[in-house]
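Undergrad: I have a structure here, written as structure tokens, and I will follow up with some questions on it.
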């Protein structure tokens, strides 16, 4: 069953797609284009680096632990401030200069979801010092 599913998903290579380029088609009754393969491997200019090919900067070993604690504190402070405020008030966040203007109160579930999304984002996009 797995092989059949794999066969169904097969896409023929297309030289117009950058991930299929350079494309060398080889038939069993023809010689391999060895000169073209060698040229593509050793004489071709390397593609410019992008987010998927660059090394991520190393973060401190306790970065995620500290980051988790800070975001938990922020969520707790927002929930506590919402208990004492009315919609439209400004809420102070610890260690932040700006205040948050809340029109609708956020539930603990919404804040937890936003926090998880932010932690996931920070894992893949760490801040460089």
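The values are calculated or read from the model by the stated rules, or taken from the named source; none is laboratory data. No experiment lies behind these values; they were computed from the predicted model shown. Cβ placement follows ideal geometry from the backbone for every residue including glycine, while neighbour counts extend to all protein chains displayed.
Undergrad: Output yes when any residue across the range 50-60 is closer than 30 Å to residue 127 by Cα and in contact with a strand residue (DSSP E or B) (Cβ under 6 Å, 6 or more places away or on another chain), and no when none is.
TA: Looking for residues that are closer than 30 Å to residue 127 by Cα and in contact with a strand residue (DSSP E or B) (Cβ under 6 Å, 6 or more places away or on another chain), one finds none in the range 50-60, hence no.
Undergrad: In the range 10-42, which residues are under 22 Å from residue 52 (Cα atoms) and surrounded by 11 or more Cβ atoms within 10 Å (Cβ to Cβ)?
TA: Once the filter is applied, which keeps residues that are under 22 Å from residue 52 (Cα atoms) and surrounded by 11 or more Cβ atoms within 10 Å (Cβ to Cβ), the range 10-42 yields 13, 15, 20, 21, 22, 23, 40.
Undergrad: What do you reckon, is residue 105 outside any helix (DSSP H, G or I), surrounded by 12 or more Cβ atoms within 10 Å (Cβ to Cβ) and touching a residue at least 40 places away in the same chain (Cβ under 8 Å)?
TA: It is false that residue 105 is outside any helix (DSSP H, G or I), surrounded by 12 or more Cβ atoms within 10 Å (Cβ to Cβ) and touching a residue at least 40 places away in the same chain (Cβ under 8 Å).
Undergrad: Name the residues in the range 65-102 that are under 17 Å from residue 118 (Cβ atoms) and at pLDDT below 85, would you?
TA: Result: 94, single match.
Undergrad: Would you mind telling me which numbered condition in (1) surrounded by 11 or more Cβ atoms within 10 Å (Cβ to Cβ); (2) in contact (Cβ under 8 Å) with a residue 12 or more places away in the chain; (3) within 28 Å of residue 125 (Cβ to Cβ) residue 113 fails?
TA: For residue 113, the failing item is (2).
Undergrad: Follow-up question, since we're still on this one. If you go through the range 58-70 one residue at a time, do you hit one that is in contact with a helix residue (DSSP H, G or I) (Cβ under 8 Å, 6 or more places away or on another chain) and exposed (fewer than 12 other Cβ atoms within 10 Å of the Cβ)?
TA: The answer is yes; a qualifying residue exists.
Undergrad: Suppose the filter is without any contact (Cβ under 8 Å) to a residue 24 or more places away in the chain and assigned to a helix (DSSP H, G or I); does residue 123 pass it?
TA: no
Undergrad: Another question, if that's okay. Please note which helices (runs of 4 or more DSSP H) are completely contained in the range 1-94 and include at least 3 residues that are touching a residue at least 12 places away in the same chain (Cβ under 8 Å) and more than 30 Å from residue 108 (Cβ to Cβ).
TA: Per the criteria, 34-42.
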